[in-house]
1. Hey, what did the range A:13-472 get for relative contact order, percent, Cα under 8 Å, at least 6 apart?
2. With a 10 Å Cβ neighbour count serving as the proxy for reagent exposure, in which order, fewest first, do A:ARG231, A:ARG385, A:ARG216, B:ARG60 appear?
3. Per residue, what volume in Å³ does the convex hull of the Cα atoms of the range B:60-126 enclose?
4. Using Cα pairs under 8 angstrom and six or more residues apart, how large is the relative contact order of chain B, in percent?
5. Taking Cα centroids, how far is the range B:94-170 from the range A:35-79 in Å?
6. If you take each beta carbon of peptide A:173-184 and count the beta carbons of other chains within 10 angstrom, what is the mean?
7. Please report A:VAL190, A:VAL254, B:VAL19 as a ranked list, fewest other C-beta atoms within 10 angstrom at the top and most at the bottom.
8. Along the range B:71-76, what does the Karplus equation 6.51 cos²θ - 1.76 cosθ + 1.60 (θ = phi - 60°) give for ³J(HN,Hα), rounded to whole Hz, x for Gly and Pro?
Amino acid sequence: MGNKDMHNEKLVTGQWDNALIDKQIGDIVLDPKRHTEAKVHPLLAKLMPPGMQSPWFVMFGIGFVFVNVLLLCITILVLTGIGVWGNNQPVGWGFDIINFVWWIGIGHAGTLISAVLLLLRQNWRNSINRFAEAMTIFAVMCAGMYPLLHTGRPWVAYWLMPYPNVMALWPQFRSPLVWDVFAVTTYMTVSVLFWYVGLIPDLATLRDRATNPIARTAFGMLALGWNGGARAWHRYNHASIMLAGLSAPLVLSVHSIVSFDFAMSIVPGWFTTIFPPYFVAGAVFAGFAMVIALAIPIRKWYRLEDFITMKHFDWMAKVMLATGLIVAFGYAMEVFYAWYSGQPYELALLNNRGNLAGAPYAWAFYALILFNVAIPAVLWFAKVRQNLTALFWVSMSISIGMWFERYVIIPISLTRDYLPSSYGYFTPTIIDFGMFFGTVGFFIFMMFLFIRYLPMINIFEMKELWHHMNHQESHDHEVATVGEKH
Amino acid sequence: MSSEFHSDSKAYGVVGSFVTPEALLAATQKASDAGYRKMEAYSPIPIEGLVDALKFDDNRLGWIVFGGGVAGILTGIALQVWTSTQAYAHNVGGKPLISWPMFFPVLYECTILFAAFGATFGMIALCGLPKPHQPIFNAESFARASQDRFVLCIEAEDALYEEKAVTQFLEDAGADSIESVMTTEGY
């Protein structure tokens, strides 16, 4: 709007045609050399074997190490029991539920970008949707691990699903925890379906471009024989708009249902009606932060500056700013209603959060305000939104802040509820941290595998966008002739 | 072209490839006006107006998704009402056995899940997929129809099909390259 920067005005910069778009995006998958083009810092390169001194190998390596940490922690957990976590009376929900909620929230940006922005016909989503949807799927995978392992006996986790069994047991459908099972499995399934449907035409492009017979066969099988016929496209467009319409309510419902885990209980600080909207806004806030934090380095390493432009970052930052304000409003309302209700337990909770001198967890509440409200306020300035280094660190701050939000909600309420005799303190163990960083590593590991083997930008949508942009330009020049065609 | 692989194959159609989506749209419109019906236009991007030129309209997918959604609602209701009143009827906190507000979230998720299955698998089935090899793949120019060429195939099954006339027609329509495609499908 007020921005005068010319480079900031376009969704795609540079000169492209269909073949060049295929080459630039599709060949990231087909040509392994694209993954070793970018070089890491010389000091870091000394640690890496020759031929692997690229960011892809470094990130994949870091991810791989932490996947092993995760596997080790899970092994210890399963062999010993969930007592290896810091969860203990009165805190039955510790890092596992904090991380579960945090990861589910991160996934929401992918669904918002792919579904809600599609319905709103925001074509700036085209270059980031594939990537964000992959992020959704991997984040939900990370999230799903925690409740499954928290059951203590993950090998019988299928008991969560309704099915006729010899124990004659059925789920208790009045429980928010059962709603969670349905919400999260539906979310995972629909996200995978939507992602796969979006991939089909690109897989066909890769099938037709691949020279390596293994790649050609693999992509050929995954593309299901997509031929790009007009009739197929017609149904395809119907299917994707309907999947978008179905996923859009999922954005709202999944995190609402996750928030019911808390809001349906009577624990002070949990029993609030503001939870569903403020969880959803927080989820989008955290999700966009993760998209930005991943997009900034990857865009640089794979020279995708022409497709993910400064305009994208500007708009993503504005979405973060808006959702951040909703979240901040939520915090303010929590404080206000605790005071306004006059309820002693709510007032005690307020004291437990805000009293720096007397409350053991006040540091977490102030960290939350710092990372989630104070630091993101710099996004009001256009200069910050245009500075990728600043934007990256603001996104990191939001990721940390959103983690603290869940930390504030869960241990603060659980350690001090109604009975002073059962007050306690939550101390996470090394296994808790190992699992948290393990899932972060798993997420990075999966993201970089995805970048290696599947097109991270939607090829056909970029071609379509490029075609429309050019058409628009020529349209401006030849308004008179175009109208006669139809 | 690649028909040399097959000893006894029949004609599938004549394929012309175009450089721009506009050229494909114009050629398809022309072919339709000339009376050709059994044809298909292949492109790397969806092109607005192409299905109208092919005189094709099919909104069955919407009904499939609707059917999926209804099936989801019914499944959600049946599952919860039957388990809470028959299979596992327990008094929980004095709530009625059918506490319908509490049944809403699962019902909602079931609806979305089944409708999404309908959209995905309905689309795949209506497109006749999975079918990893199709006769049109025998055309040399087809490999680029998923990349940067816009391809029109007038099929041999068309009532007006006559190889020379169709080839001439595509040439007049401005096709970049033209070839006849054979198929062994159906043998």
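1. Details: 607 pairs, mean separation 137.7, N = 460.
Reported relative contact order: 30 percent.
2. Numbers: A:ARG231 19, A:ARG385 24, A:ARG216 16, B:ARG60 11.
Ordered from fewest to most neighbouring Cβ atoms within 10 Å, A:ARG231, A:ARG385, A:ARG216, B:ARG60 come out as B:ARG60, A:ARG216, A:ARG231, A:ARG385.
3. Working: hull volume 4.7 nm³, N = 67.
Once divided by residue count, the hull of the range B:60-126 is 70 Å³.
4. Values: 277 pairs, mean separation 92.5, N = 187.
Relative CO of chain B lands at 49 percent.
5. 40 Å
6. On the way: counts 14, 10, 2, 2, 0, 4, 7, 2, 2, 9, 5, 1.
Across the residues of A:173-184, the mean count of other-chain Cβ atoms within 10 Å is 5.
7. Details: A:VAL190 25, A:VAL254 31, B:VAL19 14.
If I rank by nearby Cβ atoms, fewest first, I get B:VAL19, A:VAL190, A:VAL254.
8. Working through the residues one at a time gives 4, x, 4, 5, 4, x Hz.
Only the coordinates and a few stated rules stand behind these numbers; no lab work does. Everything quoted here is computed from the prediction, not taken from an experiment. Cβ: placed from backbone, ideal geometry, glycine included. Neighbour counts: every protein chain shown.
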